[in-house]
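Participant: One structure, pasted below without further comment.
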Amino acid sequence: MALINCDFYSEALGLSTSMKVILPEEGRQDPKQGFRAMDKKYPTLYLLHGLSDDHTIWLRRTNIERYVSNRGIAVVMPAVHRSFYTDMAKGLKYWTFVSQELVAKARTFFPLSDKREDNFVAGLSMGGYGAFKLALSQPEAFAAAASLSGAVDVESIALKNTANVELDLIFGGIDGIRGTKNDLFYLADSLAGSKGPKPRLYQCCGTEDFLYEDNIKFRDYIKELGLDLTYEEGPGSHEWGYWDMMIQRVLDWLTR
């Protein structure tokens, strides 16, 4: 595997940003020409960070590089700061960045497949919200999505934190969430009623996690809609020991 730190300029954000990339190293030794790389476009997992983290966190707190080493899959880990993967009401256009520019630039820089069946997205906490938001909004682009302890009900979070100025800057109040493209329940409902492709979904949450009840609510809603959801729960809180364990299960689920 190759581990690459990619610094680049984002037109959507109007600033320089970064992503970490894990890339398979596949090739063969030719007796006459030496090492020759394989002409291959790799399946890709876009792996998203949480609210207090950055693009380095999955590498620092889990063994993700080792976990994907024999799977032939690339992993792209972008930095989105504390944006909730949203075009902020008063701030930068992080949704435009992650849903349009990031994927296009990553495929320009690296040999990544553009086939739907080769593209997946996963994340933890805020990143779990971002992963489901991407897959539910762009089912034609992602074959599967996974949420680990995801902040899947941002309306509930906002209502419990009415004095949180940061959430107002991001969403512009409840009216910027409920029944909009920032509402996973609304996106799931819209997808269920459509005739297009529908991604496989994986959701997990620890039973001691403060987001557990929100995850149960979202799980039940998705099942009522009849979408393809694999759900797992077990002992665990909002911490890296749980996520290091569960990302391995996500990878098994993705590559089955």
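Participant: Of all residues in the range 98-117, which are crowded, with 18+ Cβ neighbours inside 10 Å and β-branched (Val, Ile, Thr)?
Facilitator: Val98, Val103
Participant: Return the only residue of Arg36, Arg28, Arg66 being at pLDDT 95 or above, more than 17 Å from the chain's Cα centre (by Cα) and farther than 29 Å from Asp183 by Cβ.
Facilitator: It is Arg66.
Participant: While we're here: Among the residues of the range 207-236, write down those that are of a type outside the set (A, V, I, L, M), surrounded by 15 or more Cβ atoms within 10 Å (Cβ to Cβ) and part of a loop (DSSP other than H, G, I, E, B).
Facilitator: Passing the criteria: Asp209, Gly236.
Participant: Looking at the range 56-105 only, could you name the residues that are farther than 17 Å from Ala131 by Cβ and in a loop (DSSP other than H, G, I, E, B)?
Facilitator: Thr56, Asn63, Ser69, Asn70, Arg71, Gly72, Met88, Ala89, Lys90, Gly91, Leu92
Participant: I'd like the full set of residues that are part of a loop (DSSP other than H, G, I, E, B) and either under 19 Å from Tyr221 (Cα atoms) or touching a residue at least 60 places away in the same chain (Cβ under 8 Å) (or both), limited to the range 158-172.
Facilitator: Gly172
Participant: Return the total of residues in the range 204-250 being out of contact with any helix residue (DSSP H, G or I) (no Cβ under 6 Å at 6 or more places or on another chain), in contact (Cβ under 8 Å) with a residue 60 or more places away in the chain and not hydroxyl-bearing (Ser, Thr, Tyr).
Facilitator: 11
Participant: Still on this model: Looking at the range 183-206, which of the residues that are in a loop (DSSP other than H, G, I, E, B) and surrounded by fewer than 16 Cβ atoms within 10 Å (Cβ to Cβ) is nearest to the chain's Cα centre (by Cα)?
Facilitator: Result: Pro197.
Participant: Ok, one more. In the range 115-147, what residues are of a type in the set (D, E, K, R) and closer than 17 Å to Thr255 by Cα?
Facilitator: Lys115, Arg116, Glu117, Asp118
Participant: Confirm whether Ser156 is more than 18 Å from the chain's Cα centre (by Cα), modelled with pLDDT of 95 or more and of a type outside the set (D, E, K, R).
Facilitator: yes
Participant: Conditions: (1) of a type outside the set (Asp, Glu); (2) within 17 Å of Leu48 (Cβ to Cβ); (3) out of contact with any Leu (no Cβ under 8 Å at 6 or more places or on another chain); (4) part of a helix (DSSP H, G or I). Thr108 meets all but one. Number of the miss?
Facilitator: Unmet for Thr108, out of (1) of a type outside the set (Asp, Glu); (2) within 17 Å of Leu48 (Cβ to Cβ); (3) out of contact with any Leu (no Cβ under 8 Å at 6 or more places or on another chain); (4) part of a helix (DSSP H, G or I): (2).
The values are calculated or read from the model by the stated rules, or taken from the named source; none is laboratory data. These figures come from a predicted structure and were not determined experimentally. Backbone-built Cβ (ideal geometry, glycine too); neighbour counts: all protein chains shown.
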